[in-house]
């Protein structure tokens, strides 16, 4: 996870790698929760998606929360279909390393997920997170409904004020409609549960959302 992208800009779709028609093989079950990684999911379950740096540590932030049915790491917000990890790390796909979250809204509300997202990383760093540099480490909120977009924008605005008061630069988090999610390879799923001493580059600002 220490790869440094040679291209800090997201490439135009016309210059992205071609990818492939077939999906990348991945796990069938969540290593920690024992639930179906790719579904089917319980009736009434909702989706959320976030990018906050290296997805190994990012995923662990969410699977520990009550009300989570499943989490998975993957690639999104780029142009290359079904990319591999190596392709994403090349900086030539435009994808971000993201976590897809499946949750029970009767137990866990979306705002709680947003707070966990903002407080777990530094959303002011552009195309990097700590020492991890590249377009795949950018901060992003990918929304599945208008109410998610509204809540994300509102919390971002209020958190921006708190960060500014603490001396931080402006937030660079992208907030867009959820693009297609491509599951990452099996060994990336729940990586820190399989490798408890594995690398985690996440580091928050120390500023709370509220």
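The values are calculated or read from the model by the stated rules, or taken from the named source; none is laboratory data. It should be emphasised that the depicted structure is a prediction, and the values quoted were computed from it without experimental measurement. Heads up, the Cβs are rebuilt from the backbone with ideal geometry, glycines too, and the neighbour counts pull from every protein chain shown.
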Against the definition (out of contact with any strand residue (DSSP E or B) (no Cβ under 9 Å at 6 or more places or on another chain), in a helix (DSSP H, G or I), under 24 Å from residue 88 (Cβ atoms) and modelled with pLDDT of 95 or more), how does residue 193 come out, yes or no?
yes
Only residues that are in a strand (DSSP E or B) and either out of contact with any strand residue (DSSP E or B) (no Cβ under 9 Å at 6 or more places or on another chain) or within 14 Å of residue 69 (Cβ to Cβ) (or both): list them for region 81-119, please.
99, 100, 101, 102, 103
Some residue of region 83-93 being exposed (fewer than 14 other Cβ atoms within 10 Å of the Cβ), at pLDDT 95 or above and over 21 Å from residue 172 (Cα atoms)
yes
Need pairs with beta-carbon distance below 9 Å; first residue without any contact (Cβ under 8 Å) to a residue 40 or more places away in the chain and within region 168-194, second in a loop (DSSP other than H, G, I, E, B); sequence gap 6+ or separate chains.
177/144; 187/27
Restricting attention to region 95-109, the residues that are surrounded by fewer than 21 Cβ atoms within 10 Å (Cβ to Cβ) and either farther than 23 Å from residue 154 by Cβ or in contact (Cβ under 8 Å) with a residue 24 or more places away in the chain (or both) number exactly 5
Residue tally, condition touching a residue at least 12 places away in the same chain (Cβ under 8 Å) and out of contact with any helix residue (DSSP H, G or I) (no Cβ under 8 Å at 6 or more places or on another chain), over region 13-38:
13
Does region 157-172 hold any residues that are touching a helix residue (DSSP H, G or I) at 6+ places or on another chain (Cβ under 6 Å) and not in a helix (DSSP H, G or I), and which are they?
171
